[in-house]
1. Across the range 109-142, which residue is surrounded by the most Cβ atoms within 10 Å (Cβ to Cβ) among those that are outside any helix (DSSP H, G or I) and small (Gly, Ala, Ser)?
2. Can you find a residue in the range 218-226 that is part of a loop (DSSP other than H, G, I, E, B) and free of Cβ contacts under 8 Å to residues at least 60 places away in the same chain?
3. Assess whether Asp206 counts as being farther than 22 Å from Pro254 by Cα and modelled with pLDDT of 85 or more.
4. Out of the residues in the range 224-248 that are of a type in the set (A, V, I, L, M) and either in contact with an Asp or Glu (Cβ under 7 Å, 6 or more places away or on another chain) or at pLDDT below 95 (or both), state the one that is nearest to Thr127 (Cα to Cα).
5. Any residue that is touching a helix residue (DSSP H, G or I) at 6+ places or on another chain (Cβ under 9 Å), assigned to a helix (DSSP H, G or I), among the basic types (Lys, Arg) and crowded, with 17+ Cβ neighbours inside 10 Å - is there at least one of those in the range 36-43?
6. Name the single residue, out of those in the range 75-108 being surrounded by 13 or more Cβ atoms within 10 Å (Cβ to Cβ) and either acidic (Asp, Glu) or in contact with a His (Cβ under 8 Å, 6 or more places away or on another chain) (or both), that is nearest to Ser42 (Cα to Cα).
7. Can you tell me which residues in the range 184-202 are part of a loop (DSSP other than H, G, I, E, B) and modelled with pLDDT of 95 or more?
Amino acid sequence: MKVVLLAGGFGTRLSEESEFRPKPMIEIDGKPILWHIMKEYSYYGFRDFVICAGYKQYMIKEWFADYFLHNSDITFNFKNGKNEMTVHDQHCEPWEVTVVDTGLHTMTGGRIRRIRKYVGEEPFFMTYGDGVCDVDISKLLEFHKSHGKIATMTTVKRESQKGIIEVGPDYAVRSFREKSMRDSVLINAGYMVLNPEIFDYLEGDDTIFERQPMARLVQEGQVMSYLHKGFWQCMDNKHDMDKLEEMVIQKRAPWIKWED
């Protein structure tokens with residue numbers, strides 16, 4: 001089963017880093033956040049990836065092109081005018097990675113549409129290349145298979161970031177209280193499972209997956225929510241990046257299950 005990763009945007013909200021490389025290639029603990037997401041899926045046995053690249057897509061291709069070399073013990077032999085390389089031990093994951101240039105200005109729905117030939121007519125996972133989560137991927141897939149709808153969306157509760165003010169009809173403040181989990185809302189955490197019928201909802205490069213296609217799917221009753229009560233964190237800004245890095249340093253990164 002394929003895992004489709006959206007990794008083609010400009011990452012403007014993290015411009016201090018994304019100016020020089022694609023946002024999914026920004027490193028956490030010395031590895032791109034894209035690699036961390038792939039390790040999550042690999043932990044559950046899903047190791048065939050299709051990366052929807054765009055902005056500075058060559059950097060993603062070059063990183064994977066050198067991945068085997070950088071994760072191997074190698075002897076380089078230049079004696080007698082030769083140029084020989086002997087691999088002794090390699091520490092790479094058993095992955096198959098397809099990196100597709102889906103266009104510089106293509107929207108999310110258009111990017112998914114462009115990789116149809118690489119996933120075929122089978123269900124596939126889809127997520128964004130800038131967030132990590134400790135959702136149980138196997139249970140997510142089991143839930144998707146159980147309901148028979150086109151799309152399953154992993155959702156998480158996000159607490160309100162501000163205090164709550166209640167205002168009367170005369171604009172007078174009636175009460176003020178601190179935020180609490182009862183004020184939380186469900187948001188899309190990515191980590192979706194999609195049936196191949198999804199391609200019928202994607203019209204062109206300017207299709208924004210989260211707008212018209214999702215609205216139509218919801219209207220038709222074809223989207224189910226898989227509520228995740230554990231960890232999820234998107235890397236939207238420098239603060240988020242530093243937070244994820246600190247969690248790894250302190251060995252309290254919930255998404256890193258592969259080291260347990």
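1. Filtering first and then ranking leaves Gly129.
2. Yes, the conditions are met somewhere in the range 218-226.
3. Here the answer is yes, as Asp206 does meet what is asked.
4. Restricting to residues being of a type in the set (A, V, I, L, M) and either in contact with an Asp or Glu (Cβ under 7 Å, 6 or more places away or on another chain) or at pLDDT below 95 (or both), the top hit is Met235.
5. No; the residues of the range 36-43 include none that is touching a helix residue (DSSP H, G or I) at 6+ places or on another chain (Cβ under 9 Å), assigned to a helix (DSSP H, G or I), among the basic types (Lys, Arg) and crowded, with 17+ Cβ neighbours inside 10 Å.
6. Taking the candidates together, the pick is Glu93.
7. Of everything in the range 184-202, those that are part of a loop (DSSP other than H, G, I, E, B) and modelled with pLDDT of 95 or more turn out to be Asn195, Leu202.
Residues are listed down the side, and each one gets a yes or a no for (1) charged (D, E, K, R); (2) touching a Ser or Thr at 6+ places or on another chain (Cβ under 8 Å); (3) touching a residue at least 24 places away in the same chain (Cβ under 8 Å):
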site: Trp35; (1), (2), (3): no, no, no
site: Cys52; (1), (2), (3): no, yes, yes
site: Val87; (1), (2), (3): no, yes, no
site: Val119; (1), (2), (3): no, no, yes
site: Pro123; (1), (2), (3): no, no, yes
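The values are calculated or read from the model by the stated rules, or taken from the named source; none is laboratory data. Note that the structure is predicted; figures quoted are calculated from it, not measured. All Cβ positions, even for glycine, are placed from backbone atoms using ideal geometry, and neighbour counts span all protein chains on display.
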